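Notes follow once the structure below has been shown.
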């Protein structure tokens, strides 16, 4: 059965994380959303996303048997329900569309949906609608994904130099873990192939360190936390998700945060994740184009792909940094830093598009990944679409 994961309204609601990728490419737990669906379905899914992302991510814009909202995180019950949908049925959870049979193409979506029979799904679901949902749901998703991992393979032996608490530590072949404390009594710990946990690290699960990622010496991890592939992390991290290929290589605290790909946090960068009055955190929303109540007491930094900050950067509670921003200098910068901004608390200028190509090319080459023409087109589109926020 052909299933397409469509972005829907979540693409705008999840900005800046989705400026450079579809919703289904976001990681929560161990796997990306698309990887989760591929597993549960036993087949490859495709995606429907913004036109400017379609070429790179091989988007499917034709009529498809079933469309599934890409922010929906699968489990066995919802997958069974979706697989049993019939022609012209629309599945909803509360007021949210979660599946459409068939997914239309070439016509007004609202007109197509109006002709369908509405079914209501009454069970509990994990749905990613806003950036902070990623760290909020990371613990549950780590548990689900860990069960998938241990059902398919066996763990390597853990080096005797480590102190292990609990019985839910899984080490893939090629991973290195030495002289560290791993406490899985509070959640599973997964160390992927070729990842490394250097000496003196303290890890409190749930936790996932993905392929070729590194925890530097003395790192402190409070779960539920995910460090994506090829990341390097030091200092103190709590309940955060780094999507991949990003670095926080030195001391400094990061809590309740989501960091995109190809980001770099300078030494002693710190994120505030709790207001002094213990009230709800207000966060910039690209959908409302204003600060909104996140309804969360804890919320740190949300950072889009390819953004970077200098040493000793201080981020206020609920700061949102767009894509390809470069932050430096003293004091707290604004709570919303637009994409392609260059500067800090003293003000920003525009980060030139051609310069961003050069830097991205150099950064990606360090991981043996080429900046292709499709990447440049995405960059150009994001630059143009975010101009109004830099004015």
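The values are calculated or read from the model by the stated rules, or taken from the named source; none is laboratory data. Because the structure is a prediction, the values reported are computed rather than measured. A quick note on method: Cβ atoms are made from the backbone with ideal geometry, for glycine too, and the neighbour counts reach across all protein chains shown.
Of the residues in region 55-99, how many are crowded, with 22+ Cβ neighbours inside 10 Å and assigned to a helix (DSSP H, G or I)? So the answer is 2. Of (1) over 22 Å from the mean Cα position of the chain (by Cα); (2) at pLDDT 95 or above; (3) surrounded by 14 or more Cβ atoms within 10 Å (Cβ to Cβ), residue 341 satisfies all except one. Which? Tallying (1) over 22 Å from the mean Cα position of the chain (by Cα); (2) at pLDDT 95 or above; (3) surrounded by 14 or more Cβ atoms within 10 Å (Cβ to Cβ), residue 341 fails exactly one: (1). Return a yes/no flag: does region 154-161 have any residue that is within 22 Å of residue 39 (Cβ to Cβ), in a loop (DSSP other than H, G, I, E, B) and modelled with pLDDT under 95. Checking region 154-161: at least one residue is within 22 Å of residue 39 (Cβ to Cβ), in a loop (DSSP other than H, G, I, E, B) and modelled with pLDDT under 95.
Give the residues of region 166-207 that are in contact with a helix residue (DSSP H, G or I) (Cβ under 9 Å, 6 or more places away or on another chain), closer than 16 Å to residue 220 by Cα and assigned to a strand (DSSP E or B), sorted by residue number. Passing the criteria: 189, 190, 207.
Looking across region 222-243, the residues that are closer than 15 Å to residue 211 by Cβ and without any contact (Cβ under 8 Å) to a residue 24 or more places away in the chain come down to 227, 231, 232, 233, 242. Of everything in region 34-53 that is over 22 Å from residue 113 (Cβ atoms) and touching a strand residue (DSSP E or B) at 6+ places or on another chain (Cβ under 8 Å), the residue that is surrounded by the fewest Cβ atoms within 10 Å (Cβ to Cβ) is 43. Restricting 322, 331 to those that are within 23 Å of residue 256 (Cα to Cα) and at pLDDT 95 or above reduces the list to 322.
Taken together, 295, 211, 288 contain a single residue that is closer than 28 Å to residue 173 by Cα and either out of contact with any strand residue (DSSP E or B) (no Cβ under 9 Å at 6 or more places or on another chain) or not in a strand (DSSP E or B) (or both), which is 211.
Rundown of residues vs (1) farther than 29 Å from residue 356 by Cβ; (2) out of contact with any helix residue (DSSP H, G or I) (no Cβ under 6 Å at 6 or more places or on another chain); (3) not in a loop (DSSP other than H, G, I, E, B), yes/no style:
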{"site": "229", "(1), (2), (3)": "no, yes, no"}
{"site": "251", "(1), (2), (3)": "no, yes, no"}
{"site": "254", "(1), (2), (3)": "no, yes, yes"}
{"site": "278", "(1), (2), (3)": "yes, yes, no"}
{"site": "284", "(1), (2), (3)": "no, yes, yes"}
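The single condition among (1) over 18 Å from residue 125 (Cα atoms); (2) in a helix (DSSP H, G or I); (3) without any contact (Cβ under 8 Å) to a residue 60 or more places away in the chain that residue 52 does not meet is (3). Considering 349, 386, the condition of being touching a residue at least 60 places away in the same chain (Cβ under 8 Å) and either in the same structural domain as residue 287 (by TED's automatic domain parsing) or in contact with a strand residue (DSSP E or B) (Cβ under 7 Å, 6 or more places away or on another chain) (or both) is satisfied by 386 alone.
Within region 306-322, is even one residue touching a helix residue (DSSP H, G or I) at 6+ places or on another chain (Cβ under 9 Å), at negative phi, in a helix (DSSP H, G or I) and crowded, with 17+ Cβ neighbours inside 10 Å? No, the conditions are met nowhere in region 306-322. Considered as a group, the residues in region 100-123 that are surrounded by 10 or more Cβ atoms within 10 Å (Cβ to Cβ) and assigned to a loop (DSSP other than H, G, I, E, B) include one that is modelled with the highest pLDDT, and that residue is 121. Select from region 248-267 the residues that are under 16 Å from the mean Cα position of the chain (by Cα) and within 26 Å of residue 296 (Cα to Cα) and list them in ascending order. Within region 248-267, 248, 254, 255, 256, 257, 258, 259, 260, 261, 263, 264 qualify. For region 173-201, residues that are farther than 18 Å from residue 242 by Cβ and surrounded by fewer than 19 Cβ atoms within 10 Å (Cβ to Cβ) total 10.
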